[in-house]
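The values are calculated or read from the model by the stated rules, or taken from the named source; none is laboratory data. Fair warning: this is a prediction, and the values are worked out from it, not measured in the lab. Note: ideal-geometry Cβ built from the backbone for every residue, glycine included; neighbour counts use all protein chains shown. SASA here: full protein model, heavy atoms, side chains in, ligands and nucleic acids out. Shrake-Rupley method; radii C 1.70, N 1.55, O 1.52, S 1.80 Å.
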Amino acid sequence: AAILTPLVAVYLFFMGIRILQSTIKHSQPSHTHITPNVIPLGAAGGFLNALGGAGWGPVTTSTLLANANNPRLTIGTVSAAELFVSIAAAFVLITHIQITNFQIEIVLGFIIGGMGAAPIAAYLCGHLPTRTLTAAVSVLIMCSSISMVVSVI
């Protein structure tokens, strides 16, 4: 994870730049369907998510958006798939960690925070203009990558 984190951070930063550039260049975003290479992308995102706890959302979303996919469809699809990725990861982790190491307070905090943020994010995703949404996602991806680098240092 220590080796992959800076590499993923660089990848995400350049994907964020690519998305922002395409948003600025094109007055109308593409409404193409999700690319057919989603199985390797899902495998990479799931692997990175399991390895370091982050990767599924930023890696899959940025890659799909950089390939000119519809931002609402991309965000919704990635979020829906993340449910199943999280269930699989949680099942494996719970069956492989000692119950004494399990910190229920942290888990509950994430659940409560996620439940509060999800409706707001869904509302914004559905109501922001497409270009604004895509630009905001690209900035968030770049900030996330910078945060990843800072946490390693």
Only one residue in ALA88, ALA80, ALA118, ALA122 is surrounded by fewer than 11 Cβ atoms within 10 Å (Cβ to Cβ) and under 16 Å from GLY57 (Cα atoms). Which one?
ALA80
Test for ILE24: is it modelled with pLDDT of 80 or more and open to solvent by 70 Å² or more (accessible area, probe 1.4 Å)
yes
For the structure I just gave you, tell me whether VAL59 is in contact with a helix residue (DSSP H, G or I) (Cβ under 9 Å, 6 or more places away or on another chain) and either surrounded by 14 or more Cβ atoms within 10 Å (Cβ to Cβ) or not β-branched (Val, Ile, Thr) (or both).
yes
Among residues of the stretch 95-110 being surrounded by 11 or more Cβ atoms within 10 Å (Cβ to Cβ) and of a type in the set (A, V, I, L, M, F, W, C), the residue nearest to ILE19 (Cα to Cα) is VAL107
Among (1) at pLDDT 85 or above; (2) open to solvent by 80 Å² or more (accessible area, probe 1.4 Å); (3) more than 21 Å from ALA118 (Cβ to Cβ) - the single one ASN37 does not satisfy:
(1)
Failed condition for ARG131, given (1) open to solvent by 70 Å² or more (accessible area, probe 1.4 Å); (2) of a type outside the set (A, V, I, L, M, F, W, C); (3) free of Cβ contacts under 8 Å to residues at least 60 places away in the same chain
(3)
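State the number of residues belonging to the stretch 1-19 that are without any contact (Cβ under 8 Å) to a residue 40 or more places away in the chain and either more than 20 Å from GLY46 (Cβ to Cβ) or open to solvent by less than 50 Å² (accessible area, probe 1.4 Å) (or both).
If we filter the stretch 1-19 for residues that are without any contact (Cβ under 8 Å) to a residue 40 or more places away in the chain, which is where we start, we get 3, 7, 14.
Now drop any that are not either more than 20 Å from GLY46 (Cβ to Cβ) or open to solvent by less than 50 Å² (accessible area, probe 1.4 Å) (or both), which leaves 14.
The qualifying residues number 1.
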